[in-house]
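Engineer: The structure's right below; bear with me while I get my questions together.
Values quoted throughout were computed directly from the atomic coordinates according to the rules given, and no laboratory measurement underlies them. Everything quoted here is computed from the prediction, not taken from an experiment. Cβ atoms come from the backbone with ideal geometry, glycine included; neighbour counts cover every protein chain shown.
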Amino acid sequence: TRIFYTGGTSGSPQPIFHDKNSIENASLGLRERVKESKFNAVCCLPLHHVGGWMQIERAIKFGGRVFFCDYHDLINQDLRTIISERWISLVPAQLFELIKSPTACRNLRKASGIFLGGGRLPKVLAEKARGENIPLCPCYGMTETAGMITLLKSGDFLNGQDGVGEELSHVSIRSLRTDNQIIVRTNSLCFRKGDQILDQNEWLFTMDSGTKKEGIGWQIGTRLDRTIKSGGEKVNPSVIEDTILQSGIVEKCIVSGIKDDRWGEKVVVYLVMEKSKLGCLKEQTKLKLKNHEYPKEWNLVDHLPVSEMGKFRMKS
């Protein structure tokens with residue numbers, strides 16, 4: 001039995017229990033998609049997280065080797081010889097830091113592919129990665145499914161395709177009509193989540209939204225538990241974050257909903273940027289966002305709180 005912990009973006013960690021079969025099914029599904037005979041990897045994710053541990057499982061099962069490092073090593077060292085013909089798993093917050101470094105970009109270009117999951121890929125970051133010819137494989141998955149259940153091949157990504165690709169062969173995915181909630185059925189599903197016993201023949205209701213486009217694959221939207229209800233309108237924080245980041249004057253940002261007597265929830269943004277450029281940013285975003293999307297509060301911070309996996313965490 002393998003035990004991982006997950007808490008979504010802000011909840012208390014819950015133990016997730018996988019057995020040998022669910023781990024193996026996840027590995028086989030990925031192997032079938034990328035047509036890899038063995039999985040040599042560069043591991044810079046924590047091993048107690050499913051994204052880190054599955055690199056070990058794939059190497060053991062298919063005869064690969066794993067090189068362990070901190071992702072900052074990709075910035076500080078020339079690792080091209082080591083990275084060549086190896087797979088790397090990253091989260092968007094890590095890629096955001098790596099893309100700034102010419103050394104890191106040279107290293108990443110040598111990889112067989114870079115599995116990018118654990119969070120939404122902002123449009124501006126995707127464009128920068130394409131500009132640097134970095135072989136990203138955006139994917140979607142969760143701890144409950146032993147990692148990725150969709151994958152966009154790097155060639156398609158570099159050719160301009162967005163999203164996270166088609167579902168892997170061991171997975172069925174649907175989205176519900178009411179709010180595009182994603183539901184999943186797979187033989188890589190964990191057998192237990194906290195005190196709840198799960199059945200691989202049943203559908204798992206996720207907190208993610210998404211839609212599938214014919215011939216393109218899945219487009220993952222915002223988490224349903226991140227949706228902000230402000231003044232009777234539903235606000236997608238991802239739309240606001242993308243608009244702000246595309247300004248080119250913001251280093252990092254995150255949007256959150258804060259309880260408010262007047263609005264129910266008010267839209268609040270936290271920014272890492274130069275204070276002198278805030279007025280310009282407000283003017284730009286005012287023209288691009290709808291009235292109910294425009295933040296009611298703007299906060300400049302030195303850094304955004306991140307989890308061990310590099311995910312931003314902002315409690316309302």
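Engineer: Can you put M54, M273 in order, fewest other beta carbons within 10 Å first?
Structural biologist: On the way: M54 28, M273 17.
Lowest count first: M273, M54.
Engineer: So what's the gap between the Cα centers of region 157-182 and region 53-75, to the nearest angstrom?
Structural biologist: Cα centroid of region 157-182 versus Cα centroid of region 53-75: 26 Å apart.
Engineer: Check Q14: other-chain or 5+ apart residues with amide H under 5 Å from its amide H, H built from backbone geometry?
Structural biologist: T6, G7
Engineer: For the chain, what is the mean residue ellipticity at 222 nm derived from helices alone (per DSSP H run of n ≥ 4: -39500 (n - 2.57); sum divided by total residues; nearest 500 deg cm²/dmol)?
Structural biologist: Values: 10 runs with 85 residues, N = 316.
Helix-only estimate at 222 nm: -7500 deg cm²/dmol.
Engineer: Something else about it: Label-point separation (nm) for D195 and E251, each offset 7 Å from Cα along Cα-to-Cβ?
Structural biologist: 4.5
Engineer: I've got another one for you. 7 Å from Cα along Cα→Cβ at both F205 and K286: what's the point-to-point distance in nm?
Structural biologist: 4.2
Engineer: Check A146: other-chain or 5+ apart residues with amide H under 5 Å from its amide H, H built from backbone geometry?
Structural biologist: Correct list: C190.
Engineer: Got a sec to turn the phi values of region 240-253 into Karplus ³J(HN,Hα) couplings, 6.51 cos²θ - 1.76 cosθ + 1.60 with θ = phi - 60°, whole Hz, x for Gly and Pro?
Structural biologist: Karplus-based 3J(HN,Hα) across region 240-253 equals 5, 4, 4, 4, 5, 5, 5, 5, x, 10, 10, 6, 8, 7 Hz.
Engineer: Something else about it: As I understand it, the dipole of region 2-221 uses +1 on the Cβ of Lys and Arg and -1 on the Cβ of Asp and Glu, about the Cα centre. Which of H48, L98, L204 lies farthest toward its positive end?
Structural biologist: Highest projection toward the positive end goes to L98.
Engineer: Antiparallel DSSP bridges in region 2-221: what percent, to the nearest 5?
Structural biologist: Given both bridge residues lie in region 2-221, the antiparallel proportion sits at roughly 70 percent.
Engineer: I need the calculated FRET efficiency for the pair I216 and I56, taking r as the beta carbon distance and R₀ as 30 Å, to the nearest 0.05.
Structural biologist: On the way: r = 32 Å, r/R0 = 1.07.
Efficiency, from the Cβ-Cβ distance: 0.40.
Engineer: Show me, for region 98-111, the HN-Hα J-couplings you get by feeding each phi into the Karplus relation (A = 6.51, B = -1.76, C = 1.60, θ = phi - 60°), rounded to Hz, glycine and proline as x.
Structural biologist: 5, 5, 6, 9, x, 5, 4, 5, 4, 5, 5, 4, 7, 5
Engineer: Next up: Post the alpha-carbon centroid distance, region 206-244 to region 257-282, in whole angstrom.
Structural biologist: 19
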